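Would you mind keeping the following structure in view while I ask a few things?
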Amino acid sequence: IASCLVGSEMCIRDRFVCLLFGLSFLGGEMKAQQKSAHETGLRSKSTSELAELEQVITKVNYDESKVPVYTLPDVLTLTNGRKVTTKKEWVEKRRPELLRLFETQIYGKAPVRSKDLHFRLLNEDREALGGLATRKEVAVYLTKDEKHYLTVLMYLPNRRKGTVPMFFGINFKGNHAIHPDEGITFPSEERMIAYGRKRMFPRGSAASRWPVEMLMEHGYGLATFYRGDIDPDFDDGFQNGVHPLYYKKGQTRPAEDEWGTLAAWAWGMSCAMDYFETDKDIDAKRIAIFGHSRLGKTTLWAGAIDPRFALVISNDSGCGGAALSRRKFGETVRAVNCQFTHWFCRNFWQYNDKEDTLPVDQHELIALMAPRPVYIASAEEDRWADPKGEFLSGVYASPVYELFGLPGLPVKEMPAVNQPVLSGTIGYHIRSGKHDINLYDWTQFVKFADKHLK
């Protein structure tokens, strides 16, 4: 319980949801199939791993003077010690090297997307939102038998000429929660069982985070899908999502270097991108992906592994996202691994309390986006996500952008609150307030996208 209470207001609420799932299981109230899957997941953990889970996180550092002295890996130095001095060396040598390290040590390797991937338009309303937009719902089928799929909800502005640029992100509560629009399909009872829920969030309950009308008025489309369509966000031993579709014979969970839930969500974003490339209303070369909190971590990884995404936005993503791990400020590697055992690959566990032994740090994740633009957003009261560590990742990723003749993050000192830095290829702001994504954040995202996508 103490572990669940570490972090900001939004994180606490999410952790209570996970805690309630556990209590429901213990009370025998979950469906038999979920109970069995959860027991399978627990049996797959060794005694030492369970002991690791039981360690309560009692010390969280929010004191800048207590940040340890650390040395970051040089983003432009190969593991053999040679310095990278040209774009060609970055593209052909250093970038693949870094990508492999992040893949095998932090997020986990995802499988190649199935050849059976296919799409179907479920419904379309060309007069949605009082005629402002066209609303589409598209099924992205992951298997030939169509038993496994994600539903992409899209709004496209009706006042447009030709194809439109688009913002794309995963949602926390279900497609129906992003807007009170009654035309959005509400999840069926069958889907709720698959998500591990007895009830879904109310329609429009997350609308404050999704300024649909504002985006339409600025000429952008918006697309989203629910995270549970790929993998529900609780640890049941990797039985309730897409992972079992790709297990080898006799395999019951991902190997130590194979995909956790965040990598699965990122993989799902690429599946949706495969659809966007077929939609004649969308300019698939001008898609900005965004994510908040754990979905910010996901979005950065999706941008790193899939260069088709033209712009990448991280909002309050913290450890395993934009924040430097070696600072050990707020959320740490141990904290994230012990509280959310399913997010990262199991190899990441070996760096609990040993961040200085990581072969990479998160500034190099930002650099993997180069030369594409990246925007990093923080919140003043969200100390758990380490705003300064997020800012510094942008600073230390900048030399790679400079290799391409582009400005990275054009400031070296952290800007004042509510003073966004929009002039570089890496943008940044820290706003007043708590862990959330709001209209102020979106206003900066649109300004940054206008600069790079229009």
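The values are calculated or read from the model by the stated rules, or taken from the named source; none is laboratory data. Quick caveat, the model's predicted, so the values are computed rather than measured. Quick reminder, even Gly has a Cβ in these numbers, built from the backbone with ideal geometry, and neighbours come from all protein chains shown. Only protein heavy atoms, including side chains, enter the accessible area calculation; ligands, DNA and RNA are left aside. Shrake-Rupley method; radii C 1.70, N 1.55, O 1.52, S 1.80 Å.
Quick one: what pairs do we get from region 432-449, first residue more than 10 Å from residue 378 (Cα to Cα), second open to solvent by 50 Å² or more (accessible area, probe 1.4 Å), C-beta under 9 Å, 6+ apart or different chains?
Within 9 Å, the pairs are 438/208; 439/208; 440/418; 440/432; 446/218; 449/218; 449/286.
Would you please list the contacts, defined by Cβ atoms under 7 Å and residues six or more apart or on different chains, that run from a residue in region 63-89 that is closer than 18 Å to residue 360 by Cβ to a residue that is open to solvent by 60 Å² or more (accessible area, probe 1.4 Å) and among the hydroxyl-bearing types (Ser, Thr, Tyr)?
The qualifying pairs are 72/396; 75/396.
Could I ask something else about it? Which condition breaks for residue 79 when tested against (1) surrounded by fewer than 18 Cβ atoms within 10 Å (Cβ to Cβ); (2) part of a strand (DSSP E or B); (3) among the β-branched types (Val, Ile, Thr)?
The one condition residue 79 does not meet is (2).
β-branched (Val, Ile, Thr), buried (at least 24 other Cβ atoms within 10 Å of the Cβ), more than 29 Å from residue 446 (Cα to Cα) and more than 12 Å from the chain's Cα centre (by Cα): which single residue out of 341, 332 fits that description?
332
Let me ask something else about it. Just a yes or no: is a residue in region 408-419 of a type in the set (Val, Ile, Thr) and open to solvent by less than 20 Å² (accessible area, probe 1.4 Å)?
No, every residue in region 408-419 fails to be of a type in the set (Val, Ile, Thr) and open to solvent by less than 20 Å² (accessible area, probe 1.4 Å).
While we're on this one: Tell me yes or no: at least one residue of region 167-181 is farther than 15 Å from residue 222 by Cβ and over 25 Å from the mean Cα position of the chain (by Cα).
Scanning region 167-181, I find no residue that is farther than 15 Å from residue 222 by Cβ and over 25 Å from the mean Cα position of the chain (by Cα), so the answer is no.
Restricting attention to region 119-128, does a residue exist that is under 22 Å from residue 443 (Cβ atoms), loosely packed, with under 14 Cβ neighbours inside 10 Å and in contact (Cβ under 8 Å) with a residue 24 or more places away in the chain?
no
Six or more apart or on different chains, Cβ under 6 Å: which pairs go from a residue in region 348-375 that's over 13 Å from residue 314 (Cβ atoms) and in a loop (DSSP other than H, G, I, E, B) to one that's at pLDDT below 95 and open to solvent by 20 Å² or more (accessible area, probe 1.4 Å)? Could you list them?
none
Please tell me if residue 395 is within 30 Å of residue 59 (Cα to Cα), without any contact (Cβ under 8 Å) to a residue 60 or more places away in the chain, open to solvent by 10 Å² or more (accessible area, probe 1.4 Å) and in a helix (DSSP H, G or I).
So residue 395 fits the description; yes.
Give the residues of region 273-304 that are touching a Leu at 6+ places or on another chain (Cβ under 8 Å), crowded, with 24+ Cβ neighbours inside 10 Å and of a type in the set (Gly, Ala, Ser), sorted by residue number.
Within region 273-304, 288, 291, 303 meet the criteria.
Would you confirm whether any residue within region 247-260 is under 16 Å from the mean Cα position of the chain (by Cα) and buried (at least 24 other Cβ atoms within 10 Å of the Cβ)?
yes
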